[in-house]
Amino acid sequence: MTTGSLLAADLVIAVLAAAGWLGGGAASAARRRPLALGLAAFALLATLARAITITALARAGWWFAAEKVLVAAPLSLAAVVVAGPRLLRAPGDIRSVAVPLLFAGYAGSGGLLVTVLHGYPASAGVGLLAVAGVVAATAVTWRALGARPSPTVSRVALAVAVAALVTGTGLAVTPDAAPGVPHDHRYRDAPTAGEPTRRFTLTAGTATVSVSGRDVEAWAFNGQVPGPELTATVGDVLEVTLRNRDIGRGVTLHWHGYDVPNSQDGVPGVTQATVLPGQEFVYRFRADQVGTYWYHTHAVSDIGVRKGLYGVLVVRPAPVTGVDVTVPVHTLSGLPLPAPRTEPVEAGVPVRLRLINTDSTTHRYALAGTPFRVAAIDGSDLRGPTPLVDTAVMIPAGGRYDLVFTAPATPVALFVDGREVYSTGPVSAATGAWPVLDPLSYGVASPVPWSRFDKEFTLVLDRGLDLRGLLPRYAHTVNGAAEPDIPPQVVRLDDIVRFTIVNRSQVVHPWHLHGHHVLVLTRNGKPATGSPLWLDSFDVRPGDVWEVAFRADNPGMWANHCHNLAHADAGMTLHLMYS
Ligand code: C2O
Ligand code: CU
């Protein structure tokens, strides 16, 4: 069983246990004896089963189990100790077990709420708040059911609830995040005058675009979705003028995967101000890395990118030989892009398909009709990629794969989630059952260039209640906090930094660090054995633990966030900062 399914199973069992206790309590209050006994027995079994799931999760990693071991398990134990013996005595008056059963229900629910609303890290404050809630609810129930607890019991309950509430509330307030520091605008490689310069102008505006014959209201660069394809030869200077015609919430340009100087990174409020209607901003940086990248707005990025403010950036080592096609995949108003395209290619011609996922969720790509190699991922060439046949690749949100092959005499076709997007002629292929490439074991390894790490960070991804703003929100959290309360990761220039990313939530988080590429060290405890993988976007699936590392060689203040942009906007964004 994977850690992801264990997390899900544990959650389901916890819900069943709490519901069983509460249902049993209600049934006994209503004097429905068989129902009460049945539900309580079921709850007892479910509660005991959690001992197995919690232990297994703790063995998979303390991050997955901390609050379950420290809060839910003691509460569940109390539930079993209080309700169990009374049940076994099979009381004559079933109503007499209503309070113990409901207590067990509150205890189970308390532990569950700590997991669902708070998660990792477990804190004494949150545990005490749960205890206060359980005691208070039990006391209220006791009175409501007309039983008269002895004065001593009442006083003790009141004292426990108040003490737990008071200390818990105090302890639950986490210290404030470190204050931000001014941005560092040192250029690592500032372009100088007189170099070959490629100039583009991108004007952002609302537009009606046509997608598979339907008119769609979009936000577009130069009236088209995707925006114009920007191309350069390595060594060129790119100078891109961004204008905003009428996007009221503003726009910027972020060069996804391109490690530009910090001042050109396009993050509003961090590296520049948002470009409002009527304004412009000129980006200038040297195209010193070859490969497949993309650009997109970083202002209200979830809405902006979804509505169409994105395009392709390709930097080639030399003028194109052979066929070189970009396939930026996107979903615009529910309609898939790009439109399918067919063009015959003469046998023997080298072909490169640059696959780009500009959506917020993973896509599955399958190339049928030819052996191929994955030449590059996220713009970095792989070492010793071997030919693949009938194998699919999964590309995370924001990620890019370059597939290369020599055109055979027969047609080939590329499918995205089963839909044909590119072909050289008619192909019928059922690609749905193909195995998926694991890039961590593809290609030829070379040793990790570092043996010691100057800084280590752990990011535990989850969901939780964020009470900081005006309205409470159910945020996507990192280490129990949501933007802007996640403390920045502070590094010094040239530090070798390792970070561990743990996903204890039920959804995939495609992780994306700006300004740097990270080298994958391990996933779920297993070292990467294939070509070195220098990624800027990678899927951390539920239950996954990734260890990645990078050299801090690009000073500034960099966003580090989930590239499911809805998650990023709902709290899952922090910053990497140079001291
Ligand atoms: Cu492609 Cu911060 O984003
Ligand atoms: Cu996410």
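The values are calculated or read from the model by the stated rules, or taken from the named source; none is laboratory data. For clarity, every value in this text was computed on a predicted model and none was experimentally measured. Because the Cβ atoms are built from the backbone with ideal geometry, glycine has one as well, and the counts that use them run over all protein chains shown. SASA here: full protein model, heavy atoms, side chains in, ligands and nucleic acids out. Shrake-Rupley method; radii C 1.70, N 1.55, O 1.52, S 1.80 Å.
Projecting the Cα atoms of S428, P439, N479 onto the dipole axis of the range 419-479, where Lys and Arg carry +1 and Asp and Glu carry -1 at the beta carbon, places N479 farthest toward the positive end.
Give the Kirkwood hydrodynamic radius (Å, one decimal) of the range 414-532, defined as one over the mean of 1/r across all pairs of different Cα atoms.
Radius from the Kirkwood sum: 18.3 Å.
Helix 33-60 and the longest principal axis of the Cα set of the chain meet at an angle near 50°. For the peptides 217-223, 196-202, the ranking by packing is 217-223, 196-202, with the highest mean count of neighbouring Cβ atoms within 10 Å listed first.
The portion of the accessible surface of the range 462-530 made up by carbon and sulfur, rounded to a whole percent, is 58 (1.4 Å probe; DNA, RNA and ligands excluded). Amide H to amide H, with H built 1.01 Å from N, G425 comes under 5 Å of E343, V412, counting only residues 5 or more places away or on other chains.
In terms of its Cα atoms, the chain spans 89, 55, 54 Å along the principal axes, sorted from long to short. Each residue of the range 110-122 was assigned a 3J(HN,Hα) from its phi angle through the Karplus curve 6.51 cos²θ - 1.76 cosθ + 1.60 (θ = phi - 60°); the sequence is x, x, 4, 5, 4, 5, 6, 9, 10, x, 9, x, 5 Hz, with glycine and proline shown as x. Its alpha carbons considered, the range 478-579 gives a radius of gyration followed by a Dmax of 13.2, 37 Å. Charge dipole (Cα centre; +1 on Lys/Arg Cβ, -1 on Asp/Glu Cβ; no other charges) of the chain amounts to roughly 2380 debye.
Principal axis analysis of the Cα atoms in the range 269-400 yields extents of 50, 36, 27 Å, listed in decreasing size. Charges were assigned to the Cβ only: +1 to each Lys and Arg, -1 to each Asp and Glu. The resulting dipole of the range 41-111 about its Cα centre is roughly 100 debye. Whole-Hz Karplus values for the range 128-139 come out as 5, 4, 4, 4, 4, x, 5, 5, 5, 4, 5, 4 Hz, taken residue by residue from phi with 6.51 cos²θ - 1.76 cosθ + 1.60 and θ = phi - 60°; glycine and proline positions read x. Taking the C-alpha atoms only, the angle from helix 3-29 to the longest principal axis of the chain is near 30 degrees.
Report D for the range 236-334 in µm² per second (integer): Stokes-Einstein, Kirkwood Rh on Cα pairs, 20 °C, 1.002 mPa s. Calculated translational D: 148 µm²/s. Of the DSSP beta bridges with both residues in the chain, give the percent that are antiparallel, rounding to the nearest 5. Close to 75 percent. Per the Debye calculation on the range 1-131 with a single equal scatterer at every Cα and no solvent contribution, log₁₀ I(q)/I(0) for q = 0.19, 0.21, 0.22 Å⁻¹ amounts to -0.94, -1.08, -1.15. Placing +1 on the Cβ of every Lys and Arg and -1 on the Cβ of every Asp and Glu, with no other charges, gives the range 344-499 a dipole of roughly 40 debye about its Cα centre.
The phi-based Karplus calculation (6.51 cos²θ - 1.76 cosθ + 1.60; θ = phi - 60°) puts the 3J(HN,Hα) values of the range 200-217 at 9, 10, 10, 10, 8, x, 6, 7, 9, 10, 9, 10, 5, x, 10, 7, 10, 6 Hz, whole numbers, x for Gly and Pro.
I'm a student and want to see the number: the projected area of the Cα convex hull of the range 211-267, averaged over all directions, in nm².
One quarter of the hull surface, i.e. the mean projection, equals 5.6 nm².
Can you tell me the relative contact order of the chain? Whole percent, Cα pairs under 8 Å, sequence separation 6 or more.
12
First check a/c for the range 519-579, with a ≥ b ≥ c the square roots of the eigenvalues of its C-alpha gyration tensor; if it is under 1.5, answer rounded, and if not, answer prolate when a/b is larger than b/c or oblate otherwise. Because a/c hits 1.5 or more and a/b fails to exceed b/c, the range 519-579 counts as oblate.
Residue ranges 373-386, 268-281 sort as 373-386, 268-281 when ordered by packing (mean number of other C-beta atoms within 10 Å per residue, highest first).
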